[in-house]
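Participant: Mind having a look at this structure? Questions to follow.
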Amino acid sequence: MTAWTADRPIVKCTDVRKSYGPFEVLKGISFSVRKGEVVCIIGPSGSGKSTLIRCINALVPITSGTIHVEGIDVGDPKLDKLALRRKVGMVFQQYNLFPHKTALQNVMMAPIHVLRQEKKAVEERSRALLAKVRLAGKEDSYPGELSGGQQQRVAIARSLAMRPDVMLFDEVTAALDPETVKEVLVTIRELAEEGMTCILVTHEMGFAREVADHIYFTDHGVIVEHGPPATFFTEARDERTQRFLSQVL
Amino acid sequence: MTRPLDSGDRLPVLLPLRLHGSERHHRLGAGSGVLLCVGLVLLVSIASAQAGRVTPSVLQVIAKWAPLLLTGFAFNILISALAMLLGTILGLGLGLGLLSDWPPVRQVSWALTQIFRNAPWLVLLFFVMFLVPFQITMFGLRIPFPDWIKATVGFALPVMANVAEVVRGAVRSLPSTQWEAAEALAFTRRQTMWRIILPQCVKRMLPPWMNIYSLVTMSTVLASIVGVSEMLTLTAQVHAAEGGRPELFAPLYGFALLCFFLYCYPINLWTTHLERRFQTG
């Protein structure tokens, strides 16, 4: 593999397939994301969206096809998963914070123990990150003492503390109360505006329309249709896309 | 269910009966504890009444020997504490072996756990007593192994296997999303285990661990069979020294029973209390 350069796609999936036993979840997915792009993947439940983004940081091994992240072959059996995951941050639907650690400790843990960075510098940066996601003053709260929206923002800060090149968001607002969804979306939008490469699986159509550079619609393990939001929402041609959009918009 | 479910409603699932059960059990337990003490005192007084004019009276005998018997009891506690310490350290290692992602380690750990969990404690005790030499010479240094140390090792083995099971169960009971989150942050498996998973398990492991401890304490009397001078051995000797009077039998062993009860019962109460607190918290 030649060295990756910023003019080439930062994430490139080619004919990705994934089966669980006889059940094929992903049936040949190809797409690529350029540095600084924001991509939204939408589609009905069970269409393989979450599986797809879990494949990108090798949480789920793919059955065939290739995925490259900054030139790293994710399907390589000798893949250094840790090196890959230092480049790719991930935020989950259920936040998955470490309940025995405070918000600040949650953010600081990975840089200290994984990247072996100096504690003082990490703490300074972590406090700044918590302030950035508007959680200044909550540093010493435990996850159980925070609302869903606050926990999710801690989770975003925790991921950012690793200084990833790509951020994956797996339905990060799906478990939140309607009134706290907004505070999380604001955080993600700011990230996108700063030029962070983001891949989002989401049901927030309004948000996708506003923030995404490109939208992919998946159904039954294939990409049915894709395009920039301006045309995607108004000129959807496929009948399945039209039906889905008429249900959610 | 005919009325509509709001978000706060529980779905009609079969709830564990334990919540209410343990509460009632707890109250019953406290009551029966008092009852048992009263019963013991009664037993002793009846025995002493039966003893009648024969001197010295039962209570005097117990009072006379209590310091010696209590020294024996302290020895039981020492053995139980050391066995628990050793068994917990070994059990943590064995438990991690059960969770290893390397099949040979997992299989060997599994076999060891099953052997030591499913053997009678007394058999394990005999094995250690007769298989371990009374001293080992290493680098010209003689390290003696007195009987009570061997007994301690004998008790540590079943503790090890039971602690291993507790560790495995606690780790398995954590949601897999914790592993996923740690993985996504590029933690290694070992880091995840020691920094994220195990610290969260301590709370879950405490009640079953204390339960094991109270079982070990009560089992330490088995050491009397292999000649360790713990409380039961001393009780038998005291009985013999008092001429083996039959009316002394119940009071003397009753005293041993009382000592163990007063030690283990609060541990069990505390365990139940912790279980309930962790369940709701």
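Participant: At a Förster distance of 41 Å, what's the computed FRET efficiency of residue A:6 paired with residue B:174, Cβ-Cβ distance as r, to 0.05? Display every interim value, and only then the final one.
Facilitator: Numbers: r = 40 Å, r/R0 = 0.97.
FRET efficiency, residue A:6 to residue B:174: 0.55.
Participant: Still on this structure: Given H placed 1.01 Å from N in the peptide plane, which residues other than close sequence neighbours of residue A:38 have an amide H under 5 Å from its amide H?
Facilitator: Here the answer is A:198, A:213, A:214, since their amide H atoms fall under 5 Å of that of residue A:38.
Participant: Which one, A:173, A:206, A:65, projects farthest toward the positive side of the charge dipole computed for chain A from Cβ point charges (K/R +1, D/E -1)?
Facilitator: Going by the charge dipole, the pick is A:65.
Participant: First obtain the Kirkwood hydrodynamic radius of region B:22-280 from its Cα pairs, then insert it into the Stokes-Einstein equation at 20 °C and 1.002 mPa s, and state the resulting D in µm² per second as a whole number.
Facilitator: Values: Rh = 21.1 Å.
This corresponds to a translational diffusion coefficient of 101 µm²/s.
Participant: Would you list, by chain and number, the aspartates and glutamates whose Cα falls below 13 Å from the Cα of residue B:64, excluding same-chain residues fewer than 8 positions away?
Facilitator: B:242
Participant: Return the subset of A:27/A:87; A:101/A:138; A:12/A:35; A:12/A:87; A:18/A:49 for which the Cα-Cα distance in this structure is over 18 Å, preserving the input order.
Facilitator: Values: A:27/A:87 26 Å; A:101/A:138 13 Å; A:12/A:35 11 Å; A:12/A:87 14 Å; A:18/A:49 12 Å.
Those over the limit are A:27/A:87.
Participant: What is the fewest-to-most order of B:130, B:155, A:232 by other Cβ atoms lying within 10 Å of their Cβ? Numbers along the way, then the final one.
Facilitator: Working: B:130 10, B:155 27, A:232 22.
If I rank by nearby Cβ atoms, fewest first, I get B:130, A:232, B:155.
Participant: While we're here: Can you give the charge dipole size of the protein assembly as shown about its Cα centre, rounded to the nearest 20 debye, using +1 on the beta carbon of Lys and Arg and -1 on the beta carbon of Asp and Glu? Provide the component values of the computation, followed by the final result.
Facilitator: Working: 53 positive and 43 negative charges, 230 e Å.
Using only the charged Cβ atoms, the result is roughly 1100 debye.
Participant: Here's something else I'd like to know. Share of Cα-Cα pairs in region A:11-248 beyond 34 Å, in percent? Display every interim value, and only then the final one.
Facilitator: Values: 4278 of 28203 pairs.
Every Cα pair in region A:11-248 considered, those over 34 Å come to 15 percent.
Participant: May I ask for the percentage of alpha-carbon pairs in region B:73-223 that lie more than 27 Å from each other? Don't skip to the end; give the middle numbers.
Facilitator: Numbers: 3629 of 11325 pairs.
Tail of the P(r) past 27 Å holds 32 percent of the pairs.
Participant: Based on the Cβ-Cβ distance of residue A:14 and residue A:222, what FRET efficiency does E = 1/(1 + (r/R0)^6) give at R0 = 22 Å, to the nearest 0.05? Show your work: numbers first, answer last.
Facilitator: Values: r = 14 Å, r/R0 = 0.64.
After rounding to 0.05, the efficiency reads 0.95.
Participant: Between region B:199-253 and region B:65-132, how many Å separate their Cα centres?
Facilitator: One Cα centre to the other: 16 Å.
Participant: Say R0 is 56 Å: what FRET efficiency, to the nearest 0.05, do residue A:237 and residue B:269 get from their beta-carbon distance?
Facilitator: 0.20
Participant: Right, another one. For a quick check: with amide H placed at 1.01 Å from N, whose amide H comes under 5 Å from residue A:4's, ignoring anything fewer than 5 positions away on the same chain?
Facilitator: Those qualifying (amide H under 5 Å, at least 5 residues apart or on another chain) number zero.
Participant: Which ³J(HN,Hα) values in Hz, rounded to whole numbers, follow from the phi angles of region A:194-206 under the Karplus curve 6.51 cos²θ - 1.76 cosθ + 1.60, where θ = phi - 60° and Gly and Pro get x?
Facilitator: 7, x, 6, 6, 10, 10, 10, 9, 8, 10, 8, 5, x
Participant: Also, quick follow-up: Evaluate the charge dipole of chain A about its Cα centre and quote only its size in Debye, nearest 20, assuming +1 on the Cβ of each Lys and Arg and -1 on the Cβ of each Asp and Glu. Walk me through the numbers before you get to the answer.
Facilitator: Working: 32 positive and 31 negative charges, 143 e Å.
It works out to roughly 680 debye.
Participant: Per residue of A:103-114, count partner chain C-beta atoms within 10 Å of its C-beta, then hand back the mean as an integer.
Facilitator: 3
Participant: Using Cα-only point scatterers and the Debye equation, what is log10 of I(q)/I(0) for the protein assembly as shown at each q in 0.08 Å⁻¹, rounded to two decimals?
Facilitator: -0.72
Participant: Over all pairs of distinct alpha carbons, what does the Kirkwood formula give as the hydrodynamic radius of region A:111-249, in Å?
Facilitator: Working: mean 1/r = 0.0596 Å⁻¹.
Mean inverse Cα-Cα distance, inverted, gives 16.8 Å.
Participant: Sticking with this one: Quick check: convex hull of the Cα atoms in region B:172-221, volume per residue, rounded to a whole Å³?
Facilitator: Values: hull volume 3.9 nm³, N = 50.
That works out to 77 Å³ per residue.
Participant: A further question follows. Go through B:137-148, A:43-54, B:195-206, B:115-126 and give me the packing order, highest mean Cβ count within 10 Å leading.
Facilitator: Values: B:137-148: 9.9, A:43-54: 20.8, B:195-206: 17.4, B:115-126: 15.4.
Put in order of decreasing packing, that is A:43-54, B:195-206, B:115-126, B:137-148.
Participant: Among B:151, B:178, B:262, flag the residue with its Cα farthest along the positive direction of the charge dipole of region B:22-280, charges on Cβ as +1 for Lys/Arg and -1 for Asp/Glu.
Facilitator: B:178
Participant: Quick one: length gained pulling residue A:120 to residue A:141 fully straight, 0.36 nm per residue minus the C-alpha distance?
Facilitator: Numbers: separation 21, 0.36 × 21 = 7.56 nm, distance 1.97 nm.
Stretched fully, the residue A:120-residue A:141 segment lengthens by 5.6 nm.
Participant: Counting only other chains, and only Cβ atoms inside 10 Å, what mean value do you get across the residues of A:94-102? Write down the numbers at each step before the final one.
Facilitator: Details: counts 4, 2, 10, 2, 9, 5, 7, 4, 0.
If you average over the peptide's residues, the count of other-chain Cβ atoms is 5.
Participant: Something else about it: What is the dipole size for region B:22-280, taken about its Cα centre, with +1 at each Lys and Arg Cβ and -1 at each Asp and Glu Cβ, in debye to the nearest 20? If you can, show how the numbers build up before the last one.
Facilitator: Values: 18 positive and 10 negative charges, 74 e Å.
About 360 debye.
Participant: Roughly speaking, what % of Cα-Cα pairs in region B:199-281 are separated by over 18 Å, rounded to a whole number? All intermediate terms of the calculation are to be shown ahead of the outcome.
Facilitator: On the way: 1899 of 3403 pairs.
Roughly 56 percent, rounded to a whole number.
Participant: Please name which of B:162, A:38, A:77 has its Cα lying farthest along the dipole of the protein assembly as shown towards the positive end, using unit charges on Cβ (Lys, Arg +1; Asp, Glu -1) and the Cα centre as origin.
Facilitator: Value: B:162.
Read the figures in this text as sums done on the coordinates, not as results from a lab. Just so it is clear, the structure is predicted and the values come from calculations on it, not from any experiment. We place every Cβ from the backbone using ideal geometry, glycine too, and count neighbours over all the protein chains shown.
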